[in-house]
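The values are calculated or read from the model by the stated rules, or taken from the named source; none is laboratory data. Everything numeric here is computed off the predicted structure, so don't read it as measured data. Every residue, glycine as well, gets a Cβ built from its backbone with ideal geometry; the counts of neighbours run over all protein chains shown. Side chains are part of the model used for accessible areas, which takes the heavy atoms of the whole protein and leaves out ligands, DNA and RNA. Shrake-Rupley method; radii C 1.70, N 1.55, O 1.52, S 1.80 Å.
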Amino acid sequence: MATVRKRFGATDGWVVMPDSTRHYIFGFVDITGVPEDRIFEYRGRATLLAPLLQVYEGDEVYLTLTNLGFPNRPDLDDTHTIHWHGFPNQIPIWDGVPEASISVPVGRDFTYYYRPLDPGTYIYHCHFEPVEHIQMGMVGPLTVRPRLEIDLGGKFAYNDESTAFDREALVFLTELDAEPHYLLENVQEFDWTEYSPEYWLINGRSYPDTVRPAADPSLPMQPYSSLIEAYEGEKVLLRFVNLGYQQHSIQVLGISLKVVGLDARQLRGYNGEDLSRWRNAIFIAAGQTVDAIFTAPSAGIYPLYNRNWHKNTNAGKSFGGMITEIRVLPAP
């Protein structure tokens, strides 16, 4: 068991799409280790996705949230929280739901304490005005790694050797409706019954930006690449997350996926039966996570894409959207 100390700032920022449009967002930024007299330099630097939070089961996690405010909307003094979505071992004060927990005003801090007891793929997000704040970008990936990795070495999705893998990749699905982002930037209200996304994203980017490298300088607020690379014969774990408002159907052309976990629970029966299953397409509802493993086939490029054709566009005007690539290289 280790002690993990992290600090995130809540602020705003901007993202760009492949059609060169620019969109206002809310989000989080990693300010762990930043000197106190410099943390406000990170105002306006929110990233989409929010920073990856990765721990081991049994770790003691202290996560401090600092509300840096919105420099692009200084009149908007929203409070913020961090909610571990689907995390079953909370007490109310650290749950991040404002009605039962504490929300953080501008210029203030609050430290959450967690001790995760179950490995798997989770999500975190702001739970203050969640419909608005989730769509605006206050969403991030959370991985709880199993103790089996420490006991045996190697990499495992769960505490079961059948879930071993060589490489892993995050496939975090969201949508973006440009209208509420524009209206919030311009101090206007949005009617959420009119929600109609125009961009469909993987890891905060839309194709072809999804296959650009991580931390690409042309995408300073969208640091996550979605390009998946492996050698022939390697086992690859895909951590699917859906924190949009629509169900998605994801397929990898030419590769079947073995689903081993759903909502951070290994697929096992009451008596330990193996309930894992092979799928050609992954149906993932809003708020769900899915862990799936595949063995990299012969060398080549294998598209990973949304089977709904209208989600493979950028605002309906150009090819793109919820698409990335799995590039398999010859075995060394």
Please list, in chain and number order, the residues 5+ apart from F128 or on another chain whose amide H is under 5 Å from its amide H, with Hs placed from the backbone.
T81
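Taking Rh as the Kirkwood radius, which is the inverse of the mean 1/r over Cα pairs, what is the Rg/Rh value for region 168-329?
1.01
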Reported label for calculated Rg and Dmax of the Cα atoms in Å given (1) 19.5, 57; (2) 20.2, 61; (3) 21.6, 68
(1)
If one builds a Gaussian network model of the chain from Cα atoms under 10 Å apart, the most fluctuating residue listed among S196, S206, S256 is S196
Does a label point 7 Å from the Cα of F283, set along Cα-to-beta-carbon, have any residues of region 210-240 with amide nitrogen under 18 Å, and which are they?
240
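Quick one: putting +1 on the C-beta of Lys and Arg, -1 on the C-beta of Asp and Glu, what dipole do you get for region 3-152 around its Cα centre, in Debye to the nearest 20?
Numbers: 12 positive and 20 negative charges, 57 e Å.
Value, rounded to 20: 280 debye.
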Sorted by chain and number, the residues with a modelled amide H under 5 Å from that of H85, at a separation of 5 or more or across chains, are I123, Y124, H125
Need one word for region 3-152: rounded, prolate or oblate. Basis is the Cα gyration tensor (sqrt eigenvalues a ≥ b ≥ c); a/c below 1.5 gives rounded, then a/b vs b/c decides.
prolate
Top positive-direction residue, dipole computed over the chain with Cβ charges, set V211, T21, L76
V211
Listed residues G261, Y195, S162: farthest to the positive end of the dipole of the chain (Cβ charges):
S162
With the dipole of the chain worked out from charges on the C-beta (+1 for Lys and Arg, -1 for Asp and Glu) around the Cα centre, which of G58, L184, N280 lies farthest toward the positive end?
N280
Rounded to whole Å², per residue accessible area for region 3-152 with a 1.4 Å probe reads 38
Quick one: length gained pulling D19 to E273 fully straight, 0.36 nm per residue minus the C-alpha distance?
86.6 nm
From the phi angles alone, apply the Karplus equation (6.51, -1.76, 1.60; θ = phi - 60°) to region 173-178 and give each ³J(HN,Hα) in whole Hz, x where the residue is Gly or Pro.
9, 9, 10, 9, 9, 5
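Leaving out ligands, DNA and RNA, and with a 1.4 Å probe, what % of the accessible surface on the chain is carbon or sulfur? Could the numbers behind the result be given before it?
Numbers: 7230 of 14050 Å².
Carbon with sulfur: 51 percent of the solvent-accessible area.
Rounded to the nearest 0.05, what FRET efficiency do R307 and V34 have when you use their Cβ-Cβ distance and R0 = 45 Å?
Values: r = 42 Å, r/R0 = 0.94.
That pair, R307 with V34, gives E of 0.60.
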Between Y270, Y245, Y158, where does the largest GNM mean-square fluctuation fall for the chain, given springs only between Cα atoms within less than 10 Å?
Y270
Once amide H atoms are placed 1.01 Å from N in the peptide plane, what residues at a sequence separation of 5 or more from R45, or on another chain, have their amide H within under 5 Å of its amide H?
D12
What is the Cα centroid distance between region 251-267 and region 138-200, reported in whole angstrom?
15
Please figure out what share of the DSSP beta bridges in the chain is antiparallel and state it in percent, rounded to the nearest 5.
75
In nm, give the distance between the simple-model label positions of R115 and Y245, each being 7 Å from the Cα along the Cα-to-Cβ direction.
3.9
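Please give the charge dipole size of the chain, origin at the Cα centre, charges +1 on K and R Cβ atoms and -1 on D and E Cβ atoms. Round to the nearest 20 debye. Could you put the intermediate results ahead of the total?
On the way: 27 positive and 42 negative charges, 168 e Å.
Around 800 debye, computed over the chain.
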Spin-label proximity, E194 to region 307-331 - amide N less than 19 Å from point 7 Å beyond Cα toward beta carbon
315-316
What lysines sit close enough to K258 to cross-link, taking a C-alpha to C-alpha distance under 29 Å and skipping anything fewer than 8 places away on the same chain?
K155, K235, K311
If I build a Gaussian network model for the chain, linking alpha-carbon pairs within less than 10 angstrom, which residue out of E36, E129, E229 has the largest mean-square fluctuation?
E36
Using θ = phi - 60° and the Karplus curve 6.51 cos²θ - 1.76 cosθ + 1.60, what whole-Hz ³J(HN,Hα) does each residue of region 248-259 get, with Gly and Pro shown as x?
10, 10, 10, 10, 10, 5, x, 9, 8, 10, 9, 7
D75/A100 FRET efficiency (R0 45 Å; Cβ-Cβ; nearest 0.05)
0.95
